[in-house]
Structures are given as structure tokens and as C-alpha cells.
1. Aspartates and glutamates within cross-link reach of LYS16: Cα-Cα under 14 Å, excluding same-chain residues under 8 positions apart?
2. Given labels modelled 7 Å from the Cα in the Cβ direction, how far is it in nm from ARG60 to LEU10?
3. Which ordering of TRP91, TRP98 is given by a fewest-first count of other beta-carbon atoms within 10 Å?
4. If you filter segment 1-86 for chymotrypsin sites (Phe, Trp or Tyr not before Pro), then keep DSSP loop positions with at most 12 other Cβ within 10 Å, what is left?
5. At 0.36 nm per residue, minus the direct Cα-Cα distance, what do ALA31 and ASN119 gain on full extension? Give it in nm, one decimal, please.
6. Which FRET efficiency value, to the nearest 0.05, do you get for ASP45 and LYS22 by plugging their Cβ-Cβ distance into 1/(1 + (r/R0)^6) with R0 = 30 Å?
Amino acid sequence: MDRDNPWAKLYSPNRKPLRAIKDFALENVNAVAQYSAYVTHGEVDSMEAIAPGSGAVIRRGIKKIAAFRDETGVVHTHSAICPHLGGVVCWNQTERTWDCPCHGSRFDAYGHVIDGPANADLAPTEHEDTPHPHVPEHLPPTPTHPKNNL
Ligand code: FES
């Protein structure tokens, strides 16, 4: 519309009130800090260090891998890069989920998105099916995630 609206300035998405500048700056520093995980080591040095029922982020070359070892010792790997805006997910042992510290997306242990803002699963990696050295080989086959049976 081509008429002036007295409320336009108040509702402008580009407005930044002076008293909010400090919060705006701190939030941006926090967001940048989350991306520093790209250059750090993994949480563990090898898949063997991940106990059954646990997950950890591991570095494989220049990539960060979200590795979950199920109760039978099989390792399920996905990219640790959140499909929303590229944060590096962290393993949440209490919830047994991958959580993104940037904006709060959550993924189940098998990389399927549970909560947004991400609207896609963690990207699959080359499958690595490494039994845990302390898990006997005679265990039954690993059940697959219910979503994989669709
Ligand atoms: S980058 Fe992961 S939720 Fe935004």
C-alpha cells in the first residue's frame, strides 16, 4: 500500500532498539561459538571408546560423525552436522538423543529428526557396523529402527 502507517517503524523486522543491542551482540557471539566445534577434536578418539547405549561425536578426517552404539554393539553413524544451519550436534545421554546447541533441534539416536527447527534427518554416512569388542558375537541380529521398515 502506498500510504504512511504510523506503526510501520515499530513493526519493522529490521528494527534494533538500542537497549537490545547488547543481547543481539551476545546472541551472535554465542552462535559463532557453537560453530567452533567444526575445528575441535571429537569427543572420543575411536568408535571402540563408545559404550553400548551411548553416542559420541567423532572426527573422521575433516568430517564430524555422530556415532551411536546400540545395546547389541552395532554402531550407527550419521553426519554430526545439523541440517538446519550447520551446527554440530551433541549426544544427550539422558534423553538418548542428538541435540543441536545452536537452535535446539533434536534427533533420535538413529538420526531421525524429533524437534525442529530442522526439518530433515541427520545425513547418513558410510555404514559402519562395528561390534563392540566387549559384546559377544553370538547376539541376535540388530533390530532396525521402526522408520527403516517403512
Ligand atoms: S543449526 Fe541446528 S538447530 Fe539450527
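1. Hits, sequence-local ones excluded: GLU27.
2. Calculated label separation equals 5.4 nm.
3. Final ranking by Cβ density, sparse to dense: TRP91, TRP98.
4. For chymotrypsin sites (Phe, Trp or Tyr not before Pro) across segment 1-86 that sit outside H, G, I, E and B with at most 12 neighbouring Cβ atoms in 10 Å, the list reads TRP7, TYR11.
5. That works out to 29.7 nm of additional length.
6. 0.15
Taken together, the values in this text are just the output of simple stated rules run on the coordinates, not laboratory data. The shown structure was predicted, so the numbers you read here are calculated from the model rather than taken from an experiment. Positions of Cβ are backbone-derived with ideal geometry, glycine not excepted, and every protein chain shown enters the neighbour counts.
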